[in-house]
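Beneath this line is the structure, given in structure tokens, with notes to follow.
The values are calculated or read from the model by the stated rules, or taken from the named source; none is laboratory data. Model, not experiment: these values are computed from the prediction. Every residue, glycine among them, receives a Cβ derived from its backbone with ideal geometry; neighbour counts consider all protein chains shown.
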Amino acid sequence: MDGLACRCYGIPVGHILVDVTLVAERSRTVRMLVDTGATYSFVPEAVAADIGAPRLPAHVAVTLADGSVRDCEVGLAKIVLADREAAATLIIGDVVEPLLGVEALEALGLAPDPKAGRLVPTRAAAVLLATVAPRAAR
């Protein structure tokens with residue numbers, strides 16, 4: 001995958017499935033559907049519980065693709081994909097298939113190539129490291 005160590009599963013109609021490692025208190029690798037229509041990543045309660053994702057105290061109203069609105073918890077996790085890692089927001093709720101949203105893709109410096117059925121870099125991994133490195137003490 002052009003230098004990216006990422007397992008992608010191209011499926012019909014330009015859908016892309018990827019194996020993502022979610023890390024909080026524990027880690028777990030989850031197959032997620034890349035969803036450029038979703039701002040945040042969406043995972044089932046069981047996945048969030050398995051990794052021990054910290055939760056925000058308030059719930060949020062989430063509008064789904066079918067127009068329905070759900071009240072969901074919000075959690076946090078590190079997402080590791082294609083030798084890249086970034087912090088990401090997780091919407092936690094009743095979802096059949098975990099979704100990898102645009103926030104995570106942007107933070108990872110990846111974008112979907114639906115024709116090829118894979119993710120491609122939008123910037124070098126070294127640039128990503130420079131943007132998240134802590135400031136030196138003065």
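Quick notes
- In a residue-by-residue description of segment 64-76, the property of being under 30 Å from Ala124 (Cβ atoms), at pLDDT 95 or above and assigned to a strand (DSSP E or B) applies to at least one position.
- Arg28 vs. criteria part of a strand (DSSP E or B), surrounded by fewer than 20 Cβ atoms within 10 Å (Cβ to Cβ) and either out of contact with any Leu (no Cβ under 7 Å at 6 or more places or on another chain) or modelled with pLDDT of 90 or more (or both): yes
- Whichever residue in segment 49-85 is under 12 Å from Thr21 (Cα atoms) and surrounded by 20 or more Cβ atoms within 10 Å (Cβ to Cβ) and, among such residues, is farthest from the chain's Cα centre (by Cα): Ile51
- The residue that is surrounded by the most Cβ atoms within 10 Å (Cβ to Cβ), counting only those in segment 86-101 that are closer than 16 Å to Glu25 by Cβ and of a type in the set (Gly, Ala, Ser), is Ala88.
- Within segment 37-54, being touching a Leu at 6+ places or on another chain (Cβ under 9 Å), more than 24 Å from Ala65 (Cα to Cα) and not in a helix (DSSP H, G or I) holds for Ala53, Pro54.
- Test: residue in segment 102-117 that is more than 20 Å from Val18 (Cα to Cα), surrounded by 14 or more Cβ atoms within 10 Å (Cβ to Cβ) and at pLDDT 95 or above: no
- Test: residue in segment 122-136 that is at pLDDT 80 or above and under 19 Å from Val60 (Cα atoms): no
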